[in-house]
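Each remark here refers to the structure printed beneath this line.
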Amino acid sequence: MISLSDSQKIGMGLTGFGVFFLFFGMILFFDKALLAIGNILFVAGLSFVIGLERTFKFFFQKHKAKATGFFLGGVFIVLIGWPMVGMVLEIYGFFLLFRGFFPVAVGFIRRVPVLGYLMNLPGISSPT
């Protein structure tokens, strides 16, 4: 079992609420207020979970400058009131930032009993 500090528990809650507000904001036809709250909660929660210094190191690495620009630019554009354009930029930046994590997540999902079976079906699994 992984033990979390109190600030990491708060960060998990903030990140979870941020993802919820982002999802709910997109479901409600890109509601500006919900997307803005979701963005703020997600970034704040991430900094609580991994720490402020590691968050800055993650976002402001030289090879991730383009991804960070798209992600934070999308957050800014959502905050000024253009939610559709901002979310497109933000999602693109998110995929660029976290593309190294996706193979790890897929490998983990393949080991979960029901989801692993679905991920290994012929049409879904990638040829190895």
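The values are calculated or read from the model by the stated rules, or taken from the named source; none is laboratory data. Small disclaimer: the values here were computed from a predicted structure and weren't measured. For neighbour counting, all protein chains shown are included, and Cβ atoms are generated from backbone atoms with ideal geometry for every residue, glycine included. Surface areas here come from the heavy atoms of the whole protein model, side chains and all, with no ligands, DNA or RNA. Shrake-Rupley method; radii C 1.70, N 1.55, O 1.52, S 1.80 Å.
Of the residues making up the range 78-87, none is under 29 Å from D6 (Cα atoms), open to solvent by less than 60 Å² (accessible area, probe 1.4 Å) and out of contact with any Lys or Arg (no Cβ under 7 Å at 6 or more places or on another chain).
In this structure, is F20 surrounded by fewer than 16 Cβ atoms within 10 Å (Cβ to Cβ) and either in a helix (DSSP H, G or I) or in contact with a Lys or Arg (Cβ under 9 Å, 6 or more places away or on another chain) (or both)? Here the answer is yes, as F20 does meet what is asked.
Residues in the range 24-68 that are surrounded by fewer than 14 Cβ atoms within 10 Å (Cβ to Cβ) and not in a loop (DSSP other than H, G, I, E, B): I27, A33, L52, E53, R54, F56, K57, K62, H63, A65, K66.
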